[in-house]
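Presented below is the structure to which this report refers.
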């Protein structure tokens, strides 16, 4: 109940209570005083009778008592001694008294000087008689009219108070919403808000706050762009590309990471700028970059960057050389779909070098191999591509082999579970990230390699149901640990999976649900923020927690931090790598910490390898870290399988 409502209710209650007290007091006074007056008259009459009996007989009292009875409204006088009646006087017949006994009142007064003699007086009750009179009816009618008028006045006063305080109620509602964080919804004031100056002050402050927030988001996006993007094309820059490639080549999990790097060489735009002019060259560049981006976006995990002048590098993690050759053929065929280019030979426009890489190599070694392949393709002339020397032609797995492997994994109970602890600044384990790998008969395959195929083959929902069930069972085996549940974005966008997830969470105790930490990639969250908002709020209502990973991998706005109930943000390993030497990455982390300062969100670092990286991150204000510096990935005990029968998949 709000202040104005309390005040109105309190005033109304006091007014009604005062009216009732006055009414009850007046009625009690009338009845009590009338009874006292009659009783005093009877006492005076008894005293006079007692005095008269000294020199008169009871029969001699008959005359003056008969004249006194109408004055006192006495209906019957009886003077008796024990059972013997000495005198009886009555104004009416006894039948009248017997018919209306409720209107009479009887007094028995013993005489002080006449031993054993008592005077009994039967009188009309003035209060009851008055209530039955026409005067009483008029009086009661007038009283009821007063009560109705007072009630009407109270009602009018209540309405008046409500109107007077309605503006303050609107202001209080908006203040509560602002405190709860709904600043965008309650930014505009109500026309009736009171006091008006306080309302206008809130409007001004909220407007300034919104402008400051938008300015901060623009600066945050600019910082991300400066750290990762090329200023001319909007693609990733060379430094970001080398950093991501180096992170993959280090292979912290030691599972044999591999992939392909492609170098796409286009005509030298600086030379064309002198002959064609900057506007036409920019148009050509836009068409070519748009074509490259369209192809690269088809492959999950692929990274396109402007490497040097007219050279564009494509990083394809976990892809085979055969797949890269097919992509190169499609790129060359796509040149024919480009609009006509004046003074540019479309038959000698694009040259592609392809080189496979595996963990253990260095970035200069990989880029040197792909550079040699690109030169070879350029020397051959025409639009063509060339493989680097010594590259084994790995056919990879086709969709049929992948489907067979994934279905067999599901039928065997799911992928192998690994856990990697994340520690806070005090060195205590804050949560454990659950990692998955599948065994293909020869080696273990990381989730980053097979999860794109899971989504492509439409198995994401079934896969996540089984994984969430196993982790929920594991949380019973680890009653003190917070476990991370990596869920696919495709699953959370399916209503059937969300309903199943809610049903599963209802089967878990509240204390267990608080130890579930659902993790999604930052790019997926920002892309589907409107559809994920109700899902995140439902998970928050169940007591679960939300984490966002791969922060800094893509250039997105940080507005989601204040829009969604995110508890943890995990920095991408490529951003953390050698951060002590990367001032632009440090600036990004500092800006992210400023955005999170007004919320409950904490920032964690992943992929921490060296103590220098950790000390730099701690100095920047991160709350915790995860990586080989603290603990490597460890397999989860297989005994938890017996607990999984409790939950229905």
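Among the numbered conditions (1) closer than 27 Å to residue 546 by Cα; (2) at pLDDT below 90; (3) in contact with a helix residue (DSSP H, G or I) (Cβ under 6 Å, 6 or more places away or on another chain), the only one that residue 470 does not meet is (2). The criterion of being surrounded by 15 or more Cβ atoms within 10 Å (Cβ to Cβ), closer than 22 Å to residue 256 by Cα and more than 45 Å from the chain's Cα centre (by Cα) holds for residue 387. Taking the range 177-202 as the range and being surrounded by 12 or more Cβ atoms within 10 Å (Cβ to Cβ), modelled with pLDDT of 70 or more and within 24 Å of the chain's Cα centre (by Cα) as the test, the residues that pass are 177, 178, 202.
Enumerate the strands (runs of 3 or more DSSP E) found wholly within the range 244-338, keeping only those where 3 or more residues are within 26 Å of residue 447 (Cβ to Cβ) and in the same structural domain as residue 449 (by TED's automatic domain parsing).
Working: elements: 258-265, 303-308, 311-317.
Result: empty, no element qualifies.
Residues that are touching a residue at least 40 places away in the same chain (Cβ under 8 Å), surrounded by fewer than 15 Cβ atoms within 10 Å (Cβ to Cβ) and touching a helix residue (DSSP H, G or I) at 6+ places or on another chain (Cβ under 9 Å) within the range 321-333 are absent altogether.
So how many residues does the range 214-235 have that are assigned to a helix (DSSP H, G or I) and free of Cβ contacts under 8 Å to residues at least 12 places away in the same chain?
So the first thing to find is which residues in the range 214-235 are assigned to a helix (DSSP H, G or I), and the list is 214-228.
Narrowing further to those that are free of Cβ contacts under 8 Å to residues at least 12 places away in the same chain: 214-215, 218, 222.
Selection size over the range 214-235: 4.
Quick check on the range 367-381: of everything there that is over 17 Å from residue 325 (Cα atoms) and at pLDDT 90 or above, which residue is surrounded by the fewest Cβ atoms within 10 Å (Cβ to Cβ)? Explain how you work it out, then say what you get.
Here is the first cut: in the range 367-381, the residues over 17 Å from residue 325 (Cα atoms) are 367-368, 379, 381.
Now restrict to residues that are at pLDDT 90 or above: 367-368.
Numbers: 367: 20, 368: 13.
The selected residue is 368.
For the range 62-82, a residue qualifies if it is surrounded by 17 or more Cβ atoms within 10 Å (Cβ to Cβ), assigned to a helix (DSSP H, G or I) and either modelled with pLDDT under 80 or not assigned by TED's automatic domain parsing to the domain that holds residue 113 (or both), and exactly one does: 72. Here the condition is being in contact with a helix residue (DSSP H, G or I) (Cβ under 8 Å, 6 or more places away or on another chain), in the same structural domain as residue 618 (by TED's automatic domain parsing) and under 17 Å from residue 301 (Cα atoms); of 525, 535, it holds for 525 alone. The number of residues in the range 18-57 being closer than 15 Å to residue 87 by Cβ, in contact with a helix residue (DSSP H, G or I) (Cβ under 9 Å, 6 or more places away or on another chain) and assigned to a helix (DSSP H, G or I) comes to 4.
Residue 460: buried (at least 19 other Cβ atoms within 10 Å of the Cβ), in contact with a helix residue (DSSP H, G or I) (Cβ under 6 Å, 6 or more places away or on another chain) and in the same structural domain as residue 488 (by TED's automatic domain parsing), yes or no? Yes. Considering every residue within the range 41-58, establish whether at least one is without any contact (Cβ under 8 Å) to a residue 60 or more places away in the chain and in contact with a strand residue (DSSP E or B) (Cβ under 6 Å, 6 or more places away or on another chain). Within the range 41-58, one or more residues are without any contact (Cβ under 8 Å) to a residue 60 or more places away in the chain and in contact with a strand residue (DSSP E or B) (Cβ under 6 Å, 6 or more places away or on another chain).
For the range 397-437, a residue qualifies if it is surrounded by fewer than 15 Cβ atoms within 10 Å (Cβ to Cβ) and over 36 Å from the mean Cα position of the chain (by Cα), and the qualifying residues are 398, 399, 400, 401, 404, 407, 408, 411, 412. Selection within the range 437-462: residues that are in contact with a strand residue (DSSP E or B) (Cβ under 9 Å, 6 or more places away or on another chain) and in a helix (DSSP H, G or I). The member of this set that is farthest from residue 256 (Cα to Cα) is 451.
Every listed requirement among (1) over 20 Å from residue 239 (Cα atoms); (2) buried (at least 17 other Cβ atoms within 10 Å of the Cβ); (3) at pLDDT below 90 is met by residue 599 save one, (2).
Conditions (1) at positive phi; (2) part of a loop (DSSP other than H, G, I, E, B); (3) crowded, with 19+ Cβ neighbours inside 10 Å, marked per residue:
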site	(1), (2), (3)
517	no, no, yes
534	no, no, no
543	yes, yes, no
562	no, no, no
570	no, no, yes
584	no, no, no
595	no, no, yes
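Residue check: residue 423 meets all listed conditions (1) assigned to a helix (DSSP H, G or I); (2) farther than 30 Å from residue 297 by Cβ; (3) in contact with a strand residue (DSSP E or B) (Cβ under 8 Å, 6 or more places away or on another chain) but one, namely (1).
The values are calculated or read from the model by the stated rules, or taken from the named source; none is laboratory data. Not measured: the values here are computed from a predicted model. When we count neighbours, we look across all protein chains shown, and the Cβ atoms used for this are built from the backbone with ideal geometry, even at glycine.
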